[in-house]
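A.B. asks: Structure below; questions to follow.
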Amino acid sequence: MTVDRTRTDEVAAPNPRNGMEDWSACLDFRALADEFGTPTYLFNVERLRANVASYLRLVGVPAGIVYPVKANPSFAVLRRLADIGCGMDCASRDEIDASLLAGVPYGRLSYNTPAPDFGLVRNLLRAGAAVVVDSEDLLIRMNAKILAAACRGAILLRVNMDAGLAYSQHFQWEDMVSHGTKTGKFGIPAERIVELLAGVSLPVVGLHVHVGTMMDYLAAFENMLELLHRLADEIHLRSAHRVTRLNLGGGLGIQFVPGQSFPDINALADRLKPRQRDGIRYFVEPGQSLVGDAIGLVTRVVSLKRMRGKRWAIIDVGSDQLIKITTVSWYHQILDQRHKPLPFEGPDSVGGPLCFAGDTILPSTNLEGVQEGDVLFLQHAGAYLEAVANRFNGRRSVGTAVLEQGKIHRATTSEDPFFSPPLQTYDWTESEPNAVPGALNDFGVEEINALRSRYFRDHAKNDHHEITRFCRMNDRSFTFEVEPRCSVDFISVPFAMRITADAVIIAVLAAMGKQVKDVDVWGSKGTFSYREPIRPGKRVAGTISLSPLAEAFNAKHRVIVTATLDGARFSMTSEVVV
């Protein structure tokens, strides 16, 4: 069923450049909740593109925007940014793998962490990625263990400045996000860098600094840039290294609630662009200001309680997704289903569903007019919510819907509980006594055969299928039809996986532009799930969608494949040897 998700009252057409308050104004929150369920993130691609366009005024090209995956690792976000041409800032192997699978090449990757994996550092530099060095010890070890000839990537030093990076206002959460403090854990002291580089033969081509999250003071960015330029001049004067890259980090804040004041991206570009120098490439790592106002969270009031004159609206999402709010008091504006903002003062509260007294999303408000079953919309939910989600009280990740070119479609569903890590990784025999060699119940051949499936024993080898139709929908999406034949009235899971894997190989090779199969393709991991048996005796339809082919360090490529077969869902990781 097609749902009209726009409001029925008169609302001006949204301009994505005017922020979340504008683009969400024409949405029918209840229709969204009815179609996609709650809680669900809603991602506006046009708003993201508008924010990218504003940052391009500062850095010139999309590759100058190095998005921190930690802000929001959703593939819906990563793939759009990859398609635009942005880079990715990664702090772990998992974030690197996600970026590669989203379509980001090594040349647009940056690895930056205070706890680096040295083997990963070496491989990334060989592959052409950038590595941001966070400590003196790491740089000395790299210089001793890595040959300059094997370094195709870029080495930058993360600088810990000694002044000039303060906020203009005081925030209660400031100490948790001030990444540029003099005695913090990040970076190399600025006054140590020139002396350190005197003993380094590996080419160091850049400097990196991060002022801190939710910065409200443009002068802090100006001071940072001046200090970086001054340090680069000193490096040029006193060493053989040449600084050709300056990564200005991220940290620009956005307004979450009325009364807050933060400069916008264009104001930052206006202040810093005139201070840039020829011969230097400038990079930024925006998180909050890039995705914060591109995503909202649709939720529903599941209970409305009255307790001693106070009303509580209990919604179906809480500290599992919104722990930033409940632990740091970083509150967000919430709209009711009529788009009226809930006030930040009043006798009532909005709480989450968790068994945790601190699970309070809005501690003081007025719930006049809000009813059980109403849909609410939490604004500016793009950064550091889904990224720090947890499974407390058995909660699971939520789905994402995407608003793009006036249409809304589902990008991800909520997590299947069967695939949760506790179930998939638990050893169900760990509490049992150790097995004894020559166990008492040693099955004989007759006992084994009496318990075996006759289908697997005698008939499975006769299962056969023909792929009768294969159609490319776009570069990485395909449909197919297959005629399965087997001796029982259902298609077993192994047979279904065989059919799907056959189609997947065709799709992977076709996506690579192959005319014949001249490379090996095999699956390394896979899942298959369906609710109803698949019946033979008819043509069965299937679909296949592929991630971009991600290059690995070992001359292999990886691709994530999602397929369906008669409604059953199949997912696998394939390895391709080229």
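A.B. asks: Please give the residues of segment 530-559, grouped as numeric ranges, whose backbone N is less than 11 Å from a label point set 7 Å along the Cα-to-Cβ vector of Met473.
C.D. replies: Taking a point 7 Å out along Cα→Cβ of Met473, the residues of segment 530-559 whose backbone N falls under 11 Å are 542-546.
A.B. asks: Pull out a ≥ b ≥ c, the square roots of the eigenvalues of the alpha-carbon gyration tensor of segment 364-497, then state rounded if a/c is under 1.5, prolate if not and a/b is larger than b/c, and oblate in the remaining case.
C.D. replies: oblate
A.B. asks: Continuing with the same structure: Where Lys and Arg each count +1 and Asp and Glu each count -1, what net charge lies around Gly287 among other residues with Cβ under 10 Å from its Cβ?
C.D. replies: Counting the neighbours of Gly287, the net charge comes to -1.
A.B. asks: Name the long-range amide H neighbours of Asp316: under 5 Å, sequence gap of 5 or more, or other chain; modelled H, no Pro or chain starts.
C.D. replies: When sequence neighbours closer than 5 places are left aside, the close amide H contacts are Arg300, Val302.
A.B. asks: Could you run the Karplus curve 6.51 cos²θ - 1.76 cosθ + 1.60 with θ = phi - 60° over segment 514-525 and give me ³J(HN,Hα) per residue in whole Hz, x for Gly and Pro?
C.D. replies: Karplus-based 3J(HN,Hα) across segment 514-525 equals 6, 9, 9, 7, 10, 9, 7, 10, 9, x, 9, 8 Hz.
A.B. asks: Right, something else. Treat every Asp and Glu Cβ in the chain as -1 and every Lys and Arg Cβ as +1, leave all other atoms uncharged, and give the resulting dipole magnitude about the Cα centre to the nearest 20 debye.
C.D. replies: The calculation lands at about 1020 debye.
A.B. asks: Over the alpha carbons of segment 462-533, what is the largest minus smallest coordinate on each principal axis, giving the biggest first in Å?
C.D. replies: So the three principal-axis extents are 38, 26, 24 Å.
A.B. asks: Also, I was wondering about something else. For segment 378-433, report the % of Cα-Cα distances exceeding 19 Å.
C.D. replies: Percent of Cα pairs beyond 19 Å in segment 378-433: 50.
A.B. asks: Quick one: Cα centre-to-centre distance for segment 198-255 and segment 359-389, in angstrom?
C.D. replies: Using only Cα atoms, the two centres lie 38 Å from each other.
A.B. asks: Within 12 Å, Cβ to Cβ, of Arg452, how many net charges do the neighbouring residues add up to if Lys/Arg are +1 and Asp/Glu are -1?
C.D. replies: Computed value for this residue: -1.
A.B. asks: Give me the percent of DSSP beta bridges within the chain that run antiparallel, rounded to the nearest 5.
C.D. replies: Values: 68 of 102 bridges.
Of all bridge pairs located within the chain, approximately 65 percent are antiparallel.
A.B. asks: Residues of segment 306-342 with backbone nitrogen within less than 20 Å of a virtual label 7 Å along the Cα-to-Cβ line of Glu368, please, listed as ranges.
C.D. replies: Residues passing the 20 Å test: 306-314, 334-342.
A.B. asks: Now, a different point. Whenever you get a sec, compute what percent of the accessible area on segment 458-549 sits on carbon and sulfur atoms (1.4 Å probe).
C.D. replies: It is 50 percent, rounded to a whole number.
A.B. asks: Another one. Output the Cα-based Rg and Dmax of segment 215-261 in Å, rounding Rg to one decimal and Dmax to a whole number.
C.D. replies: Calculated on Cα positions, Rg and Dmax stand at 15.4, 51 Å.
A.B. asks: Apply the Karplus parameterisation 6.51 cos²θ - 1.76 cosθ + 1.60, with θ equal to phi minus 60°, to every residue of segment 390-402 and state each ³J(HN,Hα) to the nearest whole Hz, in sequence, with x for glycine and proline.
C.D. replies: Ordered by residue, 3J(HN,Hα) equals 9, 10, 4, 6, x, 6, 10, 4, 9, x, 10, 10, 10 Hz.
A.B. asks: Over segment 319-440, what portion of Cα pair distances is larger than 19 Å, expressed as a whole percent?
C.D. replies: It works out to 63 percent of all Cα pairs.
A.B. asks: In whole Å, largest first, what are the principal axis extents of the Cα atoms in segment 36-171?
C.D. replies: Sorted from largest, the Cα extents of segment 36-171 read 53, 40, 32 Å.
A.B. asks: Still on this structure, please answer the following. Gap in Å between the Cα centre of segment 463-530 and the Cα centre of segment 25-86?
C.D. replies: What the calculation gives is 32 Å, centre to centre.
A.B. asks: Determine how many Å³ per residue the convex hull of the Cα atoms of segment 440-578 encloses.
C.D. replies: Expressed per residue, the convex hull around the Cα atoms of segment 440-578 is 153 Å³.
A.B. asks: Next question, about the same structure. What's the Cα-based Rg to Rh of segment 205-293, Rh via Kirkwood?
C.D. replies: 1.03
A.B. asks: In Å, what Kirkwood hydrodynamic radius results for segment 244-292 from the alpha-carbon pair distances?
C.D. replies: Taking every pair of different Cα atoms in segment 244-292, averaging 1/r and inverting gives 12.2 Å.
A.B. asks: State in Å² the accessible area per residue of segment 458-522; use a 1.4 Å probe, count heavy atoms of protein chains only, and round to the nearest integer.
C.D. replies: 55 Å²
A.B. asks: Further, regarding this structure: How much of the accessible area of segment 325-432, in percent, comes from carbon and sulfur atoms when a 1.4 Å probe is used?
C.D. replies: 52 percent
A.B. asks: On to the next question. Would you be so kind as to identify all helices of the chain, as entire DSSP H runs, whose Cα atoms reach 24 Å or more along the helix's own axis and whose mean Kyte-Doolittle hydropathy is at least 1.0? If you can, show how the numbers build up before the last one.
C.D. replies: Working: long enough: 218-238 (30 Å, 0.21); 493-511 (26 Å, 1.85).
Qualifying helices: 493-511.
A.B. asks: What does the charge count around Thr400 come to, taking other residues whose C-beta lies under 10 Å from its C-beta (Lys +1, Arg +1, Asp -1, Glu -1)?
C.D. replies: Combined, the nearby Lys, Arg, Asp and Glu give 0.
A.B. asks: Pick out, in residue order, every one of the chymotrypsin sites (Phe, Trp or Tyr not before Pro) in segment 380-485 that is DSSP loop and has at most 11 other C-beta atoms within 10 Å; say none if there are none.
C.D. replies: Loop-located and lightly packed - Tyr426, Trp428, Phe443.
A.B. asks: Hey, can you find the accessible area per residue of segment 243-282 for me, probe 1.4 Å, expressed in square angstrom?
C.D. replies: So segment 243-282 comes to 47 Å² accessible per residue, rounded to a whole number.
A.B. asks: While we're on this one: Can you give the longest stretch of the chain with no exposed loop site, where a site means GluC sites (Glu not before Pro) in a DSSP loop (not H, G, I, E or B) with at most 14 other C-beta atoms within 10 Å?
C.D. replies: Of all site-free stretches, the longest is 11-344.
A.B. asks: Quick one: what does P(r) look like for the chain with 20 Å bins over all Cα pairs, in whole %?
C.D. replies: The distribution over the chain is 18, 45, 31, 7, 0, given as percents.
A.B. asks: While we're on this one: Express the Stokes-Einstein translational diffusion coefficient of segment 253-409 in µm² s⁻¹, to the nearest whole number, given a Kirkwood radius over alpha-carbon pairs, 4 °C and a viscosity of 1.567 mPa s.
C.D. replies: Stokes-Einstein gives a translational diffusion coefficient of 74 µm²/s.
The values are calculated or read from the model by the stated rules, or taken from the named source; none is laboratory data. Keep in mind the model is a prediction, meaning the values are calculated, not measured. Don't worry about glycine lacking a Cβ; one is built from the backbone with ideal geometry, like all the others, and counts go over all protein chains shown. Quick note on the areas: whole protein, heavy atoms, side chains included, nothing else; ligands and nucleic acids left out. Shrake-Rupley method; radii C 1.70, N 1.55, O 1.52, S 1.80 Å.
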